Each structure stands twice: as structure tokens, then as C-alpha cells.
Amino acid sequence: MAMSILKLRNSPALRSAANISPIGVLSRAFSKLSEGTDITSAAPGVSLQKARSWDEGVSSKFSTTPLTDIFKGKKVVIFGLPGAYTGVCSQQHVPSYKSHMDKFKAKGIDSVICVSVNDPYTINGWAEKIGAKDAIEFYGDFDGKFHKSLGLDKDLSAALLGPRSERWSAYVEDGKVKAVNVEEAPSDFKVTGAEVILGQI
């Protein structure tokens, strides 16, 4: 079943019908997120949870961050990944952004954000372990509502991960999506790295 779905998603006919470009190859066909989308309107009432320790969560009364606070009036690069502590995410995806932070700042980017379908405590521990928390802002999407609203949710039960997300990236200016890229498979790392999105800003 899973193989049949993968073949369908990769079929030339499907790509041609959707008129999809090589960069962001699945963004128009399989998600609601596309150039011109207002990301805050696409996920109404949804908040993210800034990475923090459990004690910080208690002291903040388990506060969350509205999307308007993250995106409005700002130039933001955001990338989503299947999960903290997983291979490609830890070894390639996050490091690609961490190593290009100076270039993002030179282009006037206010925030580089990583979001994952994890609780904020798990993603906090992971961000600290890979030494990226000081460079990148990490947010949890603990219940997956953010990714579901954008059509970027993904069932990764086959890898014992359960409901997660696609691997994706976007450049967002004042809430409006200017560029978006989605990998063909969450295990891929071809179009969502820092170098690709830098070329789209």
C-alpha cells in the first residue's frame, strides 16, 4: 500500500497535471501552502510552542505563541521536519541552516525557525544536543494542528513515528509565503536545505 502511494506521488503524469516545478515539487499538489498564501490565515487559531525545558514550561504557565507573533511584520525562513533526534533532521537539515546563519542575516531575515511535530520539551533537548538553539528558533507543533492546517501532515507509522510532517521549507514575508519547497519523501534532502531557500529570497 505504502509503495503504491509512493509510486502514485512520483508519477510523471501527476506532476505534469499539477504543473509542478523541480523546486518545491510537491508544494502545490499535496499541500495548501503555496506562493501568496497567508500562513496565519491558512492556520487560523493555531499556535506553536517555543522550545523550552519542563521547568520553563511550568513557569510560563504552558504558554503558546500565536502565528501572528511569529510572522507578522517580519521576514522569516521556516523549515519543518519529521522529528527531533531523527537521522536526516539531525545530520543534514538543521546543520544546513545553522551553517548559513550569516547569509540569512545579510539578506535581512529576522528569524530562522525550525518546527516539528514534537512537544516543546523534546525539541528543546534536541536543539541543545545538536548545538543549534542559539542560532535557530525551535518550535513544537505538539498536536500537529499547524501542519494539518497547511496540508503538510504525514503518517510515518511505518517508521514508528506516528503522525508527523513532510520535510519542507518556506520563505515568509509579513505572513505571506514567497517561496515553498516540499520533499518528495520525508527521508529526502534535496530541495529544503538552506542553500535552496537562500536562492529564493
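Scan region 58-66 and give yes if some residue there is in contact (Cβ under 8 Å) with a residue 40 or more places away in the chain and open to solvent by 80 Å² or more (accessible area, probe 1.4 Å), otherwise no.
No, region 58-66 has no match at all.
Would you confirm whether or not region 173-183 contains a residue that is in contact with a Gly (Cβ under 7 Å, 6 or more places away or on another chain) and closer than 17 Å to TYR85 by Cα?
No - not one qualifying residue is present in region 173-183.
Residues that are modelled with pLDDT under 80 and touching a strand residue (DSSP E or B) at 6+ places or on another chain (Cβ under 9 Å), at least 3 per element: which helices (runs of 4 or more DSSP H) completely within region 1-94 meet that?
On the way: elements: 2-9, 12-18, 27-30, 39-42, 54-59, 67-71.
Answer list for region 1-94: 27-30.
Quick one: count up the residues across region 69-115 that are open to solvent by 70 Å² or more (accessible area, probe 1.4 Å) and among the polar types (S, T, N, Q).
Residues that pass the stated criteria total 3.
Quick one: TRP126 ticks every box in (1) under 15 Å from the mean Cα position of the chain (by Cα); (2) surrounded by 16 or more Cβ atoms within 10 Å (Cβ to Cβ); (3) farther than 25 Å from GLY199 by Cβ except a single one, so which number is it?
Tallying (1) under 15 Å from the mean Cα position of the chain (by Cα); (2) surrounded by 16 or more Cβ atoms within 10 Å (Cβ to Cβ); (3) farther than 25 Å from GLY199 by Cβ, TRP126 fails exactly one: (1).
Keeping to region 43-57, report how many residues are of a type in the set (Gly, Ala, Ser) and open to solvent by 30 Å² or more (accessible area, probe 1.4 Å).
3
The values are calculated or read from the model by the stated rules, or taken from the named source; none is laboratory data. Just so it is clear, the structure is predicted and the values come from calculations on it, not from any experiment. Methodologically, a virtual Cβ is constructed for each residue, glycine included, from the backbone with ideal geometry; neighbour enumeration extends over all protein chains shown. The accessibility values were calculated without ligands, DNA or RNA, using every heavy atom of the protein model including side chains. Shrake-Rupley method; radii C 1.70, N 1.55, O 1.52, S 1.80 Å.
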